[in-house]
Structures are given as structure tokens and as C-alpha cells.
Amino acid sequence: MSASQSAVRSRAEAVKVSRTFDWLILFTLFFVVLGGYHVHFMLTGGDWDFWTDWKDRRLWVTVLPIVGITFPAAVQAVLWWRYRLPFGAVVAVLGLLLGEWINRYLNFWGWTYFPVNFVFPSNFMPGAIVLDVILMLTGSMTTTAVVGGLAYGLLFYPGNWPVIAPLHVPVEYNGMMMTLADLQGYHYVRTGTPEYIRMVEKGTLRTFGKDVAPVSAFFSGFVSIIIYFLWHFFGKWFGSTAFVEAA
Amino acid sequence: MKILKDKVAKLSFVALLITITAAMFYAPTASAHGEKSQAAFMRMRTIHWFDLNWSKEEVVVNDTMTISGKFFVFGGWPETVDKPDISFLNIGIPGPVFIRAGSWIGGQLVPRSVQLELGETYEFKVLLKARRPGDWHVHTMMNVKGGGPIIGPGKWVTVTGSMSSFTNPITTLTGQTIDLETYNLGNTYFWHAAWYGIGLLWLAYWCRKPLFVPRLIAVEAGKGDALITGTDKKVALGFGVGVIAIVAMSMASTNESFPITTPLQAGLLRGIKSIDMPVPTVAVKIEDATYRVPGRAMQMTMTITNNGDSAIRLGEFNTAGVRFMDAAVAQDETGYPDDLLAEEGLTVSDNSPIAPGQSRTIQVTASDAAWEVYRLADLIYDPDSRFAGLLFFYDQSGNRQMVTIDAPLIPSFI
């Protein structure tokens, strides 16, 4: 067989090779994204995602969608514009969640014995699916950024509420009121994380009474729009094939 | 000759491998908290812990123990460390091997950060409930914002039993009693698994079709739009609407199940009550102080004036949690950690009772291996070469007076 001849001899064989190639690429993509997104998210989301007593209605709601829309936007840019595959956001979030769960279960629980109900990760899946769906239906980066980015911010809090709400039930403890999440943070000693490091319920958003979570979610959605644009372009730039020699 | 060289090389390589493998079997437990690495001046001139008591040395899982005592917030707080305006009474243990069932300063529960005043003495107590079996070094600890963790004395405590039997029952304000150790765990797993499953379904829908090579060819040929079929759009719409519906319904049902929820609680606790310490009737003036490096001893010349109405003797010098004692005057009866206790580490040139109204200049030597073991000797390398500590004087009735000292320190290398 010369170099100019095809490696496959029939259409069936070509399809088989193509499918094998699909799985190889998907597997590699999944774990590369998992690694990159996980590191990025640990560095930027960090404690807000690690501990339930950081998951408040102001900063957790605001910060996490903003730092979490990054890789979904970039992976979408590569998969959509090159392959018309609308699962970039979902595959990124699947990777992140798998990485986070491995980390929380093996490290936080397995090595240091923090209970899993104190250290479980945040869930981005509703926003990711909506982001993919909007990109697919509109085929527009701008619409996906504006509508999808906003939805990504807005869906985060209600998407996590079924898991978080039980931990926001109040408890009276030795004469003080706190939530069960606060109590977890107090009971399960973190020597290197004193209470004052906790960034919760800070800010000047005091004119909306107790309903600050929706306002925070809207603000998060607006910033997520900008971050989506930025990271979508990153995806396009880094998804270039300019350095790959054509056959 | 070459064969011999090859053999030697091979054997050397095998020996190296065996050595590395053998090294893996030596994995000592890292059980310290870096207390010895903290700058000496941080430990000597910030928080002085004293009258400490660990209620138990052995405790069974689910049983409790307390660490109680007092701490003095040193008035000569170093400039290089932020003031303790925002501080948190912590506990130095290797993760949640105990849970902190309660902590109090001046009788007030302190689950949050507090403001401490320089020059004040506070009483504290930490209630711990054993969770994980093992031998644990349990330290007192004060975190100071801008200053870092200021770790106090530690004592080994053994926890026996089984962690699987640990429970943490809590009754909420809605009247429900839960075990915080496992509460909400099934719900968390359920929702995460459900959403992960939905994500996988979305991925699986697209993975049924050829993915990369044929689609790349089609897109590059300008036929990208043809890759999305009408069915794809209907399925996508179904996913989109379905996701929003699930989110809305799950939120509504959650609100129905948990109608009463409150925000996380945060904020600084001010007005922590300090102890009204009696004004000491003993005045101490440090004439000079040197640290003799070869002898691992601090020598101080001090003038003591007794302004009280009973004769007093110097019984103890306490700095950075190390207690140098004159056994003829005072002895520890609290089971203080051995490595921090120099029972006969305090030598006084003339420790006969100082009568009321009398003034005496004496030489005091505090010597013990603890200077080296606890790296307090590193004080000579600190940016502000001063030392500080507490002196305890006793009268014949056993009454105690505490006097703070703070003075420059001159190292002696010969």
C-alpha cells in the first residue's frame, strides 16, 4: 500500500474506523476538559463550591455561574463551529461534575473525613443543557450568549435549591440561631479555614428585603453573558487547525 | 570486562529500585500542625494561653471532652501582625476527628468571629465530641485575620471506638430531629445522579450519530446546517422545556417540603466579656535579657518590687505555651503536656520570699530543651528581637499573681 492509497478498503470499514475515531476523540476530549475545567473551577470557585456554609444567596449565586460558564462556552465554540455538535456545554459540565465528585468523595471524605453532605459540588447541568439547546436551535453565538448566558445564571440557584434548601432549615444552638449548613461548618473543624474567611452575605444589596437571590442570579446572568462571549472566542482561537498540516 | 560492567550496572539499578520500593513502606504519620515552624515572636507576643486543661486523655467515639483555660491578648502585640480585631477561636486537630460541639469565650458561644481587645484576658472553653478513632494532637488555636493561625499548646488525646457508630443528632426549629452526619445525603445523591443522567441522555442522543470526521467534512463543504434535522430540533426543544419544567417543579416541591428556611448566618461578634483581672501588686522591671544559644537558656535580670501585703516568690515563667517552673514554689497539677513543661526549668538567683514593700534584683534563668525543640531559639532571627511572657508569683497562701513582661533580647553565641 502506497502513501497515497486509502487505509480502508470499503465504506463499511471506513464507517467503522470513523466510529472508533469518534470514541477515541470523545474519550480524550472528555478527560482533557475534565482536567482543565476542574483546575480552573477549583481556583476560581474554590471554597464557594467546597462547603455548604459558603453556598449563600448572594455571592455563591453570583460567582459560580460566572466562573462556571467559561469552559462550556469554549468547548461549544469548538464542537459547534467545526462539527455542528451541540453538546459542548453538557460534555464540559459532565466532566467537571465527575471530577468534582471524585475529588469530594476520595479527598474530602476518603482522606479527611468531611461528610459528603457538607462538601458536595454545585450542579450546573440545567444551565448547560439550556445553553446547548439554545445554540442548536438558533445557531447564533450572540443569541446563545445573551439568552443562554442569562439562563445559565438564572437556572443555577433554582437548579441547586432542592439539595441546598434542607440545609437552610434553622436551628437553635446554645442560644444562637443558625442554619444546618452553618452548623456543619462549625461542627466539622477546618483548621485552615477560619470563619472570617467565609465570604457570605456580604455586599450592599439590602433594598430587596429577603429576596436577594433572584437579583443576584440576574446580575450573575448578565456577567455570564460577557464571560460567554470571551470564552467562546477563546474556544474559537484555541480550536484552530492552523497548525495541523493538511493531508 | 564489558559483561562485568553491565552486571554491575544492572545490579545497581535493581538495588536502586529495591531502595525506592523499601522507602515506600516507611510512611510515618504526619500528625503535627506546624506549631514549631511558626515564627517564635508570633507565639511569644500575641496570645498567651494559660491555666489550660484537657478534660480527658482518652475518649470513646460519641463522648465529649473539653479544653478550657484562659488566654491573654498581649498588649505589646507585634506591629507586623494585624491586631485581633477579627479573630476566630479554632481548634488545632487534623480535620474533623472531633466535631466542635461548642466553643465559648467569656461565657458566650462563639461560632463566628469575634473582636478581641489588646491587654485583656479571656476565659474560654471548647467542647469536642469524638468522631474518628486514633491518637490526635489537640491544640488550642486562635485565627487572627491578617495574622494567620496562632497555635497554642497541644496534647495527645486518644479516641477509641468506631467512626461508623458516630451520630450527630440535631433538632431543628421546625421540630425535626436529624443526624447531621448523614442528613440530606440521599437527596443530594438523587438530584446529582438525576441531572447527570439527563446530561448523559443528551450526550447519548448525539453520540448515536457519526461525530467528528463526517461532520467536519460536511461543515467544511458548507453543508453544516443539513446536519441538524427536524427531529434533532424537536428533541432539543423537548430537553430545553423539560429542563426548565423540572427545575421549576423541583423548586416548588422543595419549597413545599421546606417552607421555613433562613439565610446563612454571618457577622462579627463584638463585646466579648473579658476577665476582670486584679491589678497586680508586683512590679517587674527587666534590666536585661539574653538568650545563650549554646546553653539553650534565657537569662534575665529583673528588679521585682512587692507592693502588696504578703511576701511573694517567683514560681513560673510562661512563654509560647512553654512553662518554666521553680518546683520549690509551684508545680503543675493539671497534666500539662510533658514536652511543654519544664518542671525545674526556672532557676532564680535568690528566690526567698520578697517581703511587702521590698525590692530585689535577681537573675532568672529559664532553660530547657524546649527552647530548641519548639524552635523558640529562632527568636534571634526574627525581625523584632524582643521576647515576652507571663510571670506567675505566689504568696505563702498559694495566691497567684500574673505579671506580663516584654523586653528586648540580646543573643549570646559564646
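Each value in this text was obtained by applying a stated rule to the coordinates, not by laboratory testing. Treat the numbers as computed from the prediction; the structure is a model and nothing was measured. With ideal geometry, Cβ positions are generated from the backbone for all residues, glycine too; neighbour counts draw on all protein chains shown.
Beta bridges assigned by DSSP with both partners in chain B are antiparallel in approximately 90 percent of cases.
Label-to-label distance, B:Ala221 versus B:Ser412, with points set 7 angstrom from Cα along the beta-carbon direction: 9.4 nm.
Which distance in Å, rounded to a whole number, links the C-alpha centroids of the range B:110-152 and the range B:205-224? Value for the Cα centre distance between the two parts: 61 Å. Our estimate of slack between A:Trp101 and A:Phe234, defined as 0.36 nm per intervening residue step minus the Cα-Cα distance, is 45.2 nm. Distance from the Cα centroid of the range B:45-87 to that of the range A:10-76 is 44 Å (rounded to whole angstrom).
Put in order of Cβ neighbour count within 10 Å, fewest first, the listed residues A:Ile226, B:Ile86 become A:Ile226, B:Ile86. When B:Asp179, A:Asp132 are sorted by how many other C-beta atoms sit within 10 angstrom of their C-beta, beginning with the fewest, the order is B:Asp179, A:Asp132.
In percent, rounded to a whole number, the relative contact order of the range B:40-171 is 32, using alpha-carbon pairs under 8 Å and six or more apart.
Applying a 10 Å radius around every beta-carbon, put B:39-45, B:236-242 in order of their mean neighbour count, most first.
Packing proxy ranking, top to bottom: B:39-45, B:236-242.
Helix content alone sets the calculated 222 nm mean residue ellipticity of chain B: runs of n ≥ 4 DSSP H residues at -39500 (n - 2.57) each, divided across all residues, give -7500 deg cm²/dmol. Rounded to the nearest 5, what % of DSSP beta bridges with both residues in the protein assembly as shown are antiparallel? Approximately 90 percent, going by the DSSP bridge assignments. For chain A, the relative contact order is 28 percent, taking Cα pairs closer than 8 Å that sit 6 or more residues apart in sequence and dividing their mean separation by the residue count. Between B:Thr64 and A:Glu201, how high is the FRET efficiency from 1/(1 + (r/R0)^6) when r is the Cβ-Cβ distance and R₀ = 22 Å? Nearest 0.05. The computed FRET efficiency comes out at 0.10.
For the peptide A:152-161, the mean number of other protein chain Cβ atoms found within 10 angstrom of a residue's Cβ is 4. Screening chain B for whole DSSP H helices with an alpha carbon extent of at least 30 angstrom along the helix axis and a mean Kyte-Doolittle hydropathy of at least -0.5 yields B:2-25, B:185-207, B:230-257. Can you give the net charge of the other residues whose Cβ lies under 13 Å from the Cβ of A:Asp132, counting K and R as +1 and D and E as -1? Charge balance near A:Asp132 sits at +1. Shielding of peptide B:137-147 by partners, expressed as the average count of other chain Cβ atoms within 10 Å per residue Cβ, is 2. Here chain B is treated as a sphere whose radius is the Kirkwood value from Cα pairs; by Stokes-Einstein at 10 °C and 1.306 mPa s it diffuses with a coefficient of 59 µm²/s. The mean number of Cβ atoms from other chains found within 10 Å of a Cβ in peptide A:57-63 is 1, as a whole number.
A quarter of the convex hull surface defined by the alpha-carbon atoms of the range B:230-325 gives 18.1 nm² as the mean projection. Phi-derived couplings, Karplus 6.51 cos²θ - 1.76 cosθ + 1.60 at θ = phi - 60°, listed residue by residue for the range B:388-399: 8, x, 10, 10, 10, 10, 10, 9, 5, 8, x, 5 Hz, with x used for Gly and Pro. Of all the options B:Asp332, B:Asp63, B:Asp309, the one that moves most in a Gaussian network model of chain B with Cα springs shorter than 10 angstrom is B:Asp309.
Arrange the following residues from fewest to most other Cβ atoms within 10 Å of their Cβ: A:Trp101, B:Trp77, B:Trp202.
Ranked by crowding around the Cβ, least crowded first: A:Trp101, B:Trp77, B:Trp202.
So if R0 is 56 Å, what FRET efficiency would B:Leu4 and B:Leu185 give, r being the distance between their Cβ atoms, rounded to the nearest 0.05? Rounded to the nearest 0.05, the efficiency is 0.30.
If the chain linking B:Ala22 and B:Gln331 were pulled fully straight, counting 0.36 nm for each residue of separation and taking away their Cα-Cα distance, it would gain 106.6 nm.
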